[in-house]
Amino acid sequence: MRIDSRKITIIALSLLIGLWAPLSAFAGGNGESRKIVVFDSTIVNEAAQDAILRGVGGVVIKPLPMLNGVAVILPETAVGALAGRSGVSRIDDDLVIYATGRTPPPQPAQTLPWGIQRVNAPAAWSISAGSGVKVAVIDTGIQLDHPDLAANIAGGYNAVNPTKAASDGNGHGTHVAGTVAAVNNSIGVAGVAPQARLYSVRVLNNAGTGFLSDIIEGLDWCRSQNIRVANMSLGSSGSNQSFHDAISLAYASGIVLVAAAGNNGGGYGTGTGQVDYPGAYPEVIAVSATDRNDRFAVFSSSGPAVDLAAPGVNVFSTYKGSGYATLNGTSMSTPHVTGAAAVRLALHPTETPEQVKAVLQSTAVDLGLPSEQQGAGLVDAYAAALAP
Ligand code: CA
C-alpha cells in the first residue's frame, strides 16, 4: 500500500480586497406602501376613517386609537390626494423596526457586474437563465437567507458539521454563489444563471480551509441529490488516489465539475504557476482568471490543464452579512463558467459533462492569449446557449 505523505490542505482561492458598503436605501417599487394616517377627531369619526381609506383603495391593517389613526396599505397614487383632504392631520411612514443589533444593511439597487456582462449572460437570459438546474457550491457554505440569494437556495449539506445548516461564516461561498445565481430582481447583483437552484455544500471552515475527506463526502452528497453542476472554487497542490477516485465517480454520475485553476501565478502564492487539484484532473473544467481588459490575471495559475478563462479581477458579488464585496481570484472566475454550464443544461438537460465542456470550449472567445493561460478562451454563456 502506498502512503502519500504530502499533506493536502484545501484552501479557498480568493483574495479579499475590500468590502463595499451599500448606501442607497431599499426601494419597494411595487406601487403601494404601509402608512399611518392620523385624523382630526373633531372632523372625522372612526366609521368615517374606514370609509375614506377604502375610498382611495387603502387596505386597513389596524386602528391606532391612541393617536386617532389607522395603519393602512395605500397605493402610492392615493397618498397625495389623501394628504390634502379635510380631516386628515398627517400621513407617516409605517417604519420597519429591527431588534437592536440585527439591522440588515440596506440593499443597493441592482447593478450587473462587469464579469456578468463580459460572459454575455444578459443576452443568454432571453434563451435560458438556467431555470431549475441543480448547482452545488462546494465551499465555505452560503448565507442561506441573503436577500439576493434566498429565493434560489434549494438545499444543502454541511460536511464540516453535519448537525448544522450549511451557512457561511467566511463569506467566500456566498460570493461564489452570487456569481452563479444571484436573483435577477431590483437589488444587489445578478448571477450568470439567475434561475438556477443553488445547493450549499459546506466543506471548508470559517477560515476557508478544509480536509479532502469533507470534499469526498460533499461530492457523494451531490451524487445522491442528482446535482448537475458542482462549483469548486478551492484547491490544493497535493493529489492522491482518493481525491481522483472521488472526482472520477462524481463525473461518471453526470455532474459537470468546474474548479479554480489556482492563484499560483507570479504575483501571489507559491509562485509555481501550476494548476491546483482538483482543477488539474482531466474530468474537471479548470478556470483561469482575466481582468476587465481581457488581460491574464497576474495571480492566476496557468498550464496545459487550463480549460477556460473567465473574469476574476474586481468581481462584485454577494457576501455574508446580507452584504456585497469585491474580490479577486480564480475562485471568482470559476462560478462564471459554472453559471454558463447551468444556462446550457437548462436547454439540453441530457447532455453529459463531456458534452457540456465541449460546447463551452467550442463557443469560447479567443482572447489571443497563450492556451496555457486562456484554455479554449473566455467563456460565453450566450454563445453556449445558442449552440446546437
Ligand atoms: Ca439581484
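Computed from the coordinates by the stated procedures, all read-outs in this text should not be read as laboratory data. Note that the structure is predicted; figures quoted are calculated from it, not measured. When we count neighbours, we look across all protein chains shown, and the Cβ atoms used for this are built from the backbone with ideal geometry, even at glycine.
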Nearest 10, in degrees from 0 to 90: the angle of helix 172-181 to the longest Cα principal axis of the chain is 80 degrees
How large is ³J(HN,Hα) for each residue in region 373-388, as worked out from phi by the Karplus curve 6.51 cos²θ - 1.76 cosθ + 1.60 (θ = phi - 60°), to whole Hz, x for Gly and Pro? 9, 9, x, 7, x, 7, 4, 9, 5, 5, 5, 5, 6, 6, 4, x
Could you tell me how many cubic angstrom of Cα convex hull volume the chain has per residue? 159 Å³
Quick one: which residues, 5 or more positions from V256 or on another chain, have an amide H under 5 Å from its amide H? H modelled 1.01 Å from N in the peptide plane, none for Pro or chain starts. V229, A230
Relative packing of peptides 348-354, 191-197, 65-71, 321-327 - highest average C-beta neighbours within 10 Å first: 191-197, 321-327, 65-71, 348-354
Could you pull out every one of the aspartates and glutamates with an alpha carbon less than 19 Å from that of K320, ignoring same-chain neighbours closer than 8 positions? D139, D145, D148, D168
Amide hydrogen neighbours beyond the local backbone of T290, cut-off 5 Å, H modeled: A297, A310, G312, V313
Cα-centre dipole for region 99-386 with unit charges at Cβ (Lys and Arg positive, Asp and Glu negative), debye to 20: 600 debye
Find which of V229, L257, L74 sits farthest along the positive direction of the dipole of the chain, computed with +1 on the beta-carbon of Lys and Arg, -1 on that of Asp and Glu, about the Cα centre. L74
What is the set of long-range amide H partners of L144 at a cut-off below 5 Å, with H atoms built 1.01 Å from backbone N? D168
Would you compute, for the Cα atoms of region 273-316, the largest minus smallest coordinate along each principal axis and list the three values in descending order, in whole Å? 29, 19, 13
Once the in-chain neighbours fewer than 8 apart are removed, the aspartates and glutamates whose Cα is under 18 Å from K62 read E32, D40, E46, D50, D92, D93, D94
Using the per-residue mean of other Cβ atoms lying within 10 Å as a proxy for protection, in what order, highest first, do the peptides 75-81, 142-148 fall? 142-148, 75-81
Crossing angle, helix 212-224 versus the chain [Cα axis fit, 0-90 degrees, rounded to tens]: 70 degrees
Per-residue ellipticity at 222 nm attributable to helices in the chain (runs of n ≥ 4 DSSP H, -39500 (n - 2.57) apiece, nearest 500 deg cm²/dmol) works out to -7500 deg cm²/dmol
Just to confirm a number: summing +1 for Lys and Arg and -1 for Asp and Glu over residues other than V88 whose beta-carbon lies under 12 angstrom from that of V88, what do you get? +1
Give or take rounding to whole Å, what are the principal axis extents of the alpha carbon atoms in region 341-388, in descending order? 33, 19, 15
Relative to the longest principal axis of the chain, what angle (0 to 90°, nearest 10) does the C-alpha long axis of helix 353-362 take? 90 degrees
What does the highest-first list of 238-250, 295-307 look like by mean Cβ count within 10 Å? 295-307, 238-250
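Placing unit charges on C-beta atoms (Lys and Arg positive, Asp and Glu negative, everything else neutral), compute the dipole magnitude of region 22-94 about its Cα centre in debye, rounded to 20.
Here region 22-94 has a charge dipole of around 40 debye.
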Which value results when the Cα radius of gyration for region 22-94 is divided by 2.2 N^0.38 Å? 1.12
